[in-house]
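Asker: Structure incoming, see below.
Each value in this text was obtained by applying a stated rule to the coordinates, not by laboratory testing. Bear in mind that the values here come from a model prediction, so they are computed numbers and not experimental data. Cβ placement follows ideal geometry from the backbone for every residue including glycine, while neighbour counts extend to all protein chains displayed.
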Amino acid sequence: MKEKLYTSANYLALFTIFYNIAEGAISVWFGAADETLALFGFGVDSFIEVISAVGVWHMLRRIKANAGETRDEFEQRALRITGVAFYILSAGLVVTAGMNLYQQHKPETTLWGIVISLFSITFMWFLIRQKTRVGTALNSPAILADAACSRACLYLSLVLMISSAGYELTGIGSLDAIGAILISWFTIREGWESFGKAKGMSCSCSCSCSADREDTP
């Protein structure tokens, strides 16, 4: 039973990776083509999430091999890269959104933002439920933390849907820029959390190494 649950968790992690790659590619393409900053930023966020998802998948493989839930150097590096990428994305979105507001820029259309966000909400809801089910059954903090990451993606999708639908209904161009700024707020939080996890892991490793040295005669 436990083996089947870890297999399910592994498949969910792989699905998250490939889904984010596809979502990122489609969102960046249509975001650039339609000049909608919120959708473009959402797509770049999906690509960054892939780095984090690969780290989670790597961890699950080690957990399944009875290596425990402590993160190794690969996952620590992935978290730091993810954190830096999120901060760069946040800064770029804020600066570009400010320019768009100043220039009163309007996207060509935000229809694809509505479509993509609806798909994303559906898939993220599925992933949250499945990851929470598996993580609870295994009493695994790592898998439950991954479910929390999917929940953050759900919130991003809701922001994209509201800003995109708002523009289509009202034609107010600033809604796209405001949506991008809200997305940047979420990405700053995600970057901060990534660095926090990497730092916590580094402290854990340092404490473990210190304990090993003290035990060594």
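Asker: Above 16 angstrom, tally the Cα pairs of region 18-64 and express them as a % of all pairs, no decimals. Kindly include the intermediate steps, with their values, before the conclusion.
Answerer: Details: 460 of 1081 pairs.
Distances greater than 16 Å cover 43 percent of the Cα pairs.
Asker: A further question follows. Taking the chain, how many lysine pairs are there with alpha carbons less than 28 Å apart, if each pair must be eight or more places apart or span two chains?
Answerer: Going through the chain pair by pair, I get 11.
Asker: Projecting each Cα onto the charge dipole of the chain (Lys/Arg +1, Asp/Glu -1 at the beta carbon, about the Cα centre), which of SER120, GLY135, THR36 comes out farthest on the positive side?
Answerer: Sorting the options by dipole projection puts first GLY135.
Asker: Please report, largest first and rounded to whole Å, the three semi-axes of the ellipsoid equivalent to the chain, where each semi-axis is the square root of five times an eigenvalue of the C-alpha gyration tensor.
Answerer: Values for the chain, descending: 36, 20, 12 Å.
Asker: While we're looking at this one, here's another question. Whole-Hz Karplus ³J(HN,Hα) for region 85-102, in order, using 6.51 cos²θ - 1.76 cosθ + 1.60 and θ = phi - 60°, x for Gly and Pro?
Answerer: Karplus values, whole Hz, x for Gly and Pro: 4, 5, 5, 5, 4, 4, 5, x, 5, 5, 5, 5, 5, x, 5, 5, 5, 5.
Asker: Would you be so kind as to identify which of PHE18, LEU158, THR7 lies farthest towards the positive end of the dipole of the chain, taking Lys and Arg as +1 and Asp and Glu as -1 on Cβ and the Cα centre as origin?
Answerer: THR7
Asker: Taking the chain as a Gaussian network, Cα atoms linked when under 10 Å apart, which of VAL115, VAL54, VAL84 shows the biggest mean-square fluctuation?
Answerer: Result: VAL115 has the largest fluctuation of those listed.
Asker: Could you check the spin-label model distance between LEU101 and ALA33? Points 7 Å from the Cα along Cα→Cβ, value in nm.
Answerer: Output for this residue pair reads 3.0 nm.
Asker: In nm, what is the difference between 0.36 nm times the number of residues separating ARG129 and ALA148 and their Cα-Cα distance? Display every interim value, and only then the final one.
Answerer: Values: separation 19, 0.36 × 19 = 6.84 nm, distance 1.04 nm.
Taking ARG129 through ALA148 to full extension adds about 5.8 nm, to one decimal.
Asker: Roughly how tilted is helix 2-33, in degrees to the nearest 10 and between 0 and 90, from the longest Cα axis of the chain?
Answerer: Roughly 30 degrees between the two axes.
Asker: With +1 on each Lys and Arg Cβ and -1 on each Asp and Glu Cβ, how big is the dipole of the chain about its Cα centre, in debye rounded to the nearest 20? Provide the component values of the computation, followed by the final result.
Answerer: Values: 17 positive and 19 negative charges, 123 e Å.
Roughly 600 debye for the chain.
Asker: About the Cα centre of region 50-153, how large is the charge dipole given +1 on each Lys and Arg Cβ and -1 on each Asp and Glu Cβ? Please answer in debye to the nearest 20. Before the final figure, lay out the partial values.
Answerer: Working: 11 positive and 6 negative charges, 51 e Å.
I would put it at about 240 debye.
Asker: Quick one: Debye curve from the alpha-carbon atoms of region 108-199 only, equal weights, vacuum; give me log10 I(q)/I(0) at q = 0.15 Å⁻¹ to two decimals.
Answerer: Here log10 of I(q) over I(0) equals -0.65.
Asker: For Cα pairs less than 8 Å apart in space and 6+ apart in sequence, what is the mean separation divided by the residue count of the chain, i.e. the relative contact order in percent?
Answerer: 27 percent.
Asker: Under a point spin-label approximation (7 Å from Cα along Cα-to-Cβ), what is the ARG61-GLU108 distance to one decimal in nm?
Answerer: 4.0
Asker: Once the piece of chain linking LYS199 and THR7 is laid out straight, how much longer is it, given 0.36 nm per residue of separation minus the C-alpha distance between them?
Answerer: Taking LYS199 through THR7 to full extension adds about 66.2 nm, to one decimal.
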